[in-house]
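Written below as structure tokens is the structure these notes are about.
The values are calculated or read from the model by the stated rules, or taken from the named source; none is laboratory data. Bear in mind the structure is a predicted one, so any value in this text is a computation, not a measurement. No Cβ is skipped: glycine too gets one built from the backbone with ideal geometry, and neighbour counts run over all protein chains shown.
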Amino acid sequence: MDTNADIFTLANYGLSLIEQKSQEVRCAELFFEKNKYISIEIEENSVKNSELGEDNGVGVRVVNRKGALGFAFSNKLIKPMIHELCITALKMMNASTPDPDFDNFPKPYQKYPTLKGLFDGNLKTLQVEDSLDYVNQLIDVCEQDKMAISQSGSFISNYSKIFIFNSNGLEVSGKDTSCSLSSHIIVKDDVSKETSFGYEWQSERSLRNLNAVNIANTALKEAKRNLNRKKIKNMKVPVILTPKGTIQLILRPIASAVNAETFQYKRSYLVDKRDEFIGTKYLNIEDNGLIDGAIGSSIFDGEGVPCKNKKIFHKGKFLNTGLLHNSYTSTKEGTQSSGNASRSSYSSIPSIGVTNFIMQNSDIGINEIIKDVKKGILFDYTGDTPNISTGDFSGLILHGNMIRNGEIKEPLNETMVGINLMDLYKNIEAVSKEYKTYGAFQAPYTLVKDVQIIGGAS
Amino acid sequence: MDLTDDLKVIDEKLIKELSNIAKDKIEYWDIRTGVNTGATLDFTDSKSKEISSHYVTDCGIRTFVNGGWGFSVLKDLNRKSILSGFQESIKLAIFTGSLSKNRFKISQRDPLIKDFKVSPKKKIEEIDIVEKINLVKSHEKLASEFSPKIKNTHTLYIDGHTNSLFVNSFGNHITQDLSFLRLFSLVYTQENGSIQRAVNSIGGIGGFEIISTEKAEGLSLKTAREAVALLKAKSPVGGKFTIITDPKLTGTMIHEAFGHACEADLVLNNDSILKDRIGEKVASEEVNIVDNPTMGQGKRFGMPYELFGCYFVDDEGIPSQKTTIIENGILKNYLHDLETSSRMGVSPNGHGRSSSVSSRPQVRMGFTFLEPGEWSTEDLIADTKNGILCEDFQYGYTDPSTGNFQFKCKFSYHIVNGEKKELMRDVSLSGMILEVLNKISAIGNQTSYSDGMCGKGGQSVRVCDGGPYIRIEDITVGGLN
């Protein structure tokens, strides 16, 4: 199964078979995916494993006139398997329950956006050896530092092709590439014998944008900043969320809460808040799938609908149009799909996901923001996630520091934060000029006032 | 299509050919192939969101030389692709080995030639899709009709059947034939603007009998009852408290906060607080922790199937076995795969596991358990003046390099003068694991376990954990107030 022509033949075979076998079918879809990847792993600051792999497959989705859905998938791209999958999907459809909210799969679109930089030819032909420079740069940074005792990390590249065919005549295909580097460095203080880690990663469409030295240095700096942790007492103070912290406490929860499916089931803490000002003027968020070269950008979504740029929050107001839709949820609401149908692979039916989810930065430098904090907390990240139905967040600060008299001081041990996200939005007092991008999320530093801190000190 | 046809490609002739290719080039190799079929039924508010079926084959070829591993993943199982994947994997191992700074050998093992099979009472593949749908619908109905406060119900049914083959350069030839089933119930409730949710699941290795136990049949009602009860629960007040953890939370804590630090790959990577501490006292004398993922333990907990986290052999062909981790407070063993045991000069103890044959095995837990003590649950509570009884968990995580952990409990009750009082929700517990193991002041005699998936390095594997009720002094509790 090496040529695209084979995929078209299989798709046409599947669609006509479904049409022949059942009069009840309203629409059908075949989603093909072909993936190739390379990965090199570092453990104990030494190259440990290299890997080459492929994952090709097809998912068949059929819906009958009453809206009942059947789905079947396999990674065998041969005609007898397509036959079996179509028959199985029809069987699943016949057993499934009706859904009056279902209308149809997307119709063909006249026009798709033009995007640059989603595909890097170097990654298509990349050999494991070609990624060695990046890996060696990670290793060097750790090796040359006296306090660094170990590093684990990886280089991963991926080349993927997608083909979507549906019975309405929609036929789209696209290819893209991605590559990522990660570094997890452990440092040890020879005097106190305490250890700590720092973690950093970068994900790009194009190989030339990866900066290994920068990634390892950031991880190293973070590890050192977190060494010799102290327990603190309970306090209510301003908190500065780093870009990682902003993504965890502001962007990801909002991305989940504006997912139209969560919203329509009323499982989101933002239900009934549309068109309301729920945050300060610093809360400005968009979901933009049309940025050249960005990791979350795409010409079309998981159902073949063109991707778009959508404003979600403007100056603290949760916009009425700020929901992320696929074709099903948009029909249910009587609107157009926002091009956010997301498919993690051929093995899943479309759900809803972000493209590039961005919180707007400002023109004030982070140093200026920190300078004005007499006593506060720098929150880098947590392993917790807020409760999306209530907006409550109560979690451990895995990486964080005290801020005293405008300077970042001792790291924190056993320190927890408790806040409701609606209060957090109202308490945002500044965002920084500096920002960082992690995968599909882009965020600045964010200053939040009056946050309850539970310390482990007696 | 005969399921096992895809596995027949790896015959004696091919294995011989592979051995000849590997000879003089690499020190170790293994090949895992699998054919997986299964169904997913996803219902929300009694409507099907997904009803799906799959057929997936894959193959992972691992090679080793000079401290470097190569791994090649194929989806097409044919002679030609396996031979070229094998050559590719050898190239990768030689490349990795040329760069590796850690020189070590994989210790030779005696070959294991065996066929393993779990014989379910009701085979999953013989159950019609309509029967599975009816099962899910009945759970949806029970949950949605429980109370007018129920806002949404969500039931997810997943089953799977795997036929797999493992061969390696030691001469191992192991086949496995097993099926598994999981059922999730998720219920949202709403009252006076407050939304609460509860989740429960059951899982096991076996057939459709897994969903016929009392525990499985009561799953959605239990979830609905909990989601309604949580509407009245209060947010906790943060601070330091004496806590009593129930068996599920005890198990999660042992798994998350302690078990991961016992994984020998983290120890070798300087990423564990337990490095160089074998033989040292790391917990109160009453504390005994084991990891025992051997098959045949279902009966111990009254279940007519194999427990979710148990297995015959790990994904490197090492039989599962009981490993003592802590004995009377002393750290005895780490958990090992082939590599870590070879490097640390001990026998592997069957913890090299992967999420599928397309992923490389890592050191993983199986069924981690804190052994019981003598306290009855009633006495534990009656003996506590001011504390919190924490039941079940939502999630937990830890930083194994520092031992700092956090758990989010599902239900928590205030204990005042030995009496269970008001219900609290979303109680978070945090602490440093080595401090906490020394703060255990009482261990109960009533045990249980829970099952789930554990994530590490991007892979999820089936696990179980459990233990008795235990009391821990001076724990940091987080809250919104």
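Structure data summary
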{"quantity": "Residue count, the range A:418-445 (criterion: within 27 Å of residue B:236 (Cα to Cα) and either free of Cβ contacts under 8 Å to residues at least 24 places away in the same chain or of a type outside the set (Phe, Trp, Tyr) (or both))", "calculated": "10"}
{"quantity": "Qualifying residue in the range A:427-445 (condition: part of a loop (DSSP other than H, G, I, E, B) and either touching a helix residue (DSSP H, G or I) at 6+ places or on another chain (Cβ under 8 Å) or closer than 14 Å to residue A:240 by Cβ (or both))", "calculated": "yes"}
{"quantity": "Residue in the range A:259-267 that is of a type in the set (A, V, I, L, M), surrounded by 20 or more Cβ atoms within 10 Å (Cβ to Cβ), farther than 30 Å from residue A:128 by Cβ and away from every other protein chain (no Cβ under 13 Å) present", "calculated": "yes"}
{"quantity": "Counted residues, the range B:227-252 - those being part of a helix (DSSP H, G or I) and away from chain A (no Cβ under 14 Å)", "calculated": "7"}
{"quantity": "Scan of the range A:196-218 for residues that are buried (at least 23 other Cβ atoms within 10 Å of the Cβ) and within 13 Å of chain B (Cβ to nearest Cβ), ordered by number", "calculated": "A:196, A:197, A:198"}
{"quantity": "Which listed residue is assigned to a loop (DSSP other than H, G, I, E, B) and assigned by TED's automatic domain parsing to the domain that holds residue B:12, from B:80, B:91, B:101", "calculated": "B:101"}
{"quantity": "Selection count where residues are of a type outside the set (Val, Ile, Thr), more than 21 Å from residue B:227 (Cβ to Cβ) and surrounded by fewer than 22 Cβ atoms within 10 Å (Cβ to Cβ), scope the range B:133-164", "calculated": "5"}
{"quantity": "Options B:53, B:84: the member that is buried (at least 20 other Cβ atoms within 10 Å of the Cβ) and within 14 Å of chain A (Cβ to nearest Cβ)", "calculated": "B:53"}
{"quantity": "Residue within the range B:331-351 that is out of contact with any Ser or Thr (no Cβ under 7 Å at 6 or more places or on another chain), closer than 22 Å to residue B:474 by Cβ and assigned by TED's automatic domain parsing to the domain that holds residue B:274 present", "calculated": "no"}
{"quantity": "Boolean, residue B:100 is within 11 Å of another protein chain (Cβ to nearest Cβ), hydroxyl-bearing (Ser, Thr, Tyr) and farther than 16 Å from residue A:128 by Cβ", "calculated": "no"}
{"quantity": "Qualifying residue in the range B:321-335 (condition: in contact (Cβ under 8 Å) with a residue 24 or more places away in the chain, surrounded by 24 or more Cβ atoms within 10 Å (Cβ to Cβ), assigned to a loop (DSSP other than H, G, I, E, B) and more than 15 Å from the chain's Cα centre (by Cα))", "calculated": "yes"}
{"quantity": "Which numbered condition residue A:90 fails, given (1) over 32 Å from the mean Cα position of the chain (by Cα); (2) within 20 Å of residue B:35 (Cα to Cα); (3) buried (at least 20 other Cβ atoms within 10 Å of the Cβ)", "calculated": "(2)"}
{"quantity": "Any chance residue A:270 is in contact (Cβ under 8 Å) with a residue 24 or more places away in the chain, within 12 Å of chain B (Cβ to nearest Cβ), surrounded by 20 or more Cβ atoms within 10 Å (Cβ to Cβ) and in a loop (DSSP other than H, G, I, E, B)", "calculated": "yes"}
{"quantity": "Residue B:309 vs. criteria assigned by TED's automatic domain parsing to the domain that holds residue B:443 and either at positive phi or in a helix (DSSP H, G or I) (or both)", "calculated": "no"}
{"quantity": "Residues (at the interface with chain B (Cβ under 7 Å from one of its Cβ atoms), assigned to a loop (DSSP other than H, G, I, E, B) and farther than 17 Å from residue A:349 by Cα) located in the range A:39-80", "calculated": "A:44, A:76"}
{"quantity": "Lone qualifier among B:41, B:7, B:92, B:77 - being of a type in the set (A, V, I, L, M) and more than 10 Å from chain A (Cβ to nearest Cβ)", "calculated": "B:7"}
{"quantity": "Top-ranked residue in the range B:336-388 [being among the acidic types (Asp, Glu) and within 25 Å of residue B:306 (Cβ to Cβ); ranked as surrounded by the fewest Cβ atoms within 10 Å (Cβ to Cβ)]", "calculated": "B:371"}
{"quantity": "Answer residue from the range A:142-190, given it is part of a loop (DSSP other than H, G, I, E, B) and touching a residue at least 60 places away in the same chain (Cβ under 8 Å) and is farthest from the other protein chains (Cβ to nearest Cβ) among those", "calculated": "A:169"}
{"quantity": "The range A:81-106: number of residues that are within 27 Å of residue B:81 (Cβ to Cβ), of a type in the set (A, V, I, L, M) and either facing chain B (nearest Cβ under 7 Å) or free of Cβ contacts under 8 Å to residues at least 40 places away in the same chain (or both)", "calculated": "1"}
{"quantity": "Complete set of residues in the range A:81-96 that are assigned to a helix (DSSP H, G or I) and not β-branched (Val, Ile, Thr)", "calculated": "A:81, A:83, A:84, A:85, A:86, A:89, A:90, A:91, A:92, A:93, A:94, A:95"}
{"quantity": "Scan of the range B:254-275 for residues that are farther than 17 Å from residue B:396 by Cβ, assigned to a loop (DSSP other than H, G, I, E, B) and either more than 11 Å from chain A (Cβ to nearest Cβ) or among the hydrophobic types (A, V, I, L, M, F, W, C) (or both), ordered by number", "calculated": "B:274"}
{"quantity": "The listed residue being within 14 Å of chain B (Cβ to nearest Cβ), closer than 23 Å to residue A:430 by Cα and touching a Phe, Trp or Tyr at 6+ places or on another chain (Cβ under 6 Å), out of A:395, A:400", "calculated": "A:400"}
{"quantity": "Subset of the range B:190-225 that is in contact with a Lys or Arg (Cβ under 7 Å, 6 or more places away or on another chain) and part of a helix (DSSP H, G or I) - its residue that is nearest to residue B:472 (Cα to Cα)", "calculated": "B:209"}
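Residues are listed down the side, and each one gets a yes or a no for (1) more than 22 Å from the chain's Cα centre (by Cα); (2) closer than 25 Å to residue A:267 by Cα:
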position: B:184; (1), (2): no, yes
position: B:187; (1), (2): yes, yes
position: B:197; (1), (2): yes, yes
position: B:206; (1), (2): no, no
position: B:214; (1), (2): yes, no
position: B:218; (1), (2): yes, yes
position: B:221; (1), (2): yes, yes
position: B:231; (1), (2): yes, yes
position: B:234; (1), (2): yes, yes
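Residues checked against (1) within 22 Å of residue A:61 (Cα to Cα); (2) of a type outside the set (A, V, I, L, M, F, W, C):
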| position | (1), (2) |
| --- | --- |
| A:325 | yes, yes |
| A:334 | no, yes |
| A:340 | yes, yes |
| A:347 | yes, yes |
| A:351 | yes, yes |
| A:354 | no, no |
| A:361 | no, yes |
| A:366 | no, no |
| A:369 | no, no |
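This table checks each residue for (1) among the aliphatic types (A, V, I, L, M); (2) assigned by TED's automatic domain parsing to the domain that holds residue B:289; (3) within 20 Å of residue B:226 (Cβ to Cβ); (4) not in a strand (DSSP E or B).
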| position | (1), (2), (3), (4) |
| --- | --- |
| B:378 | no, yes, no, yes |
| B:387 | no, yes, no, no |
| B:402 | no, yes, no, yes |
| B:421 | no, yes, yes, no |
| B:424 | yes, yes, yes, no |
| B:442 | yes, yes, no, no |
| B:447 | no, yes, no, no |
| B:471 | no, yes, no, no |
| B:474 | no, yes, no, no |
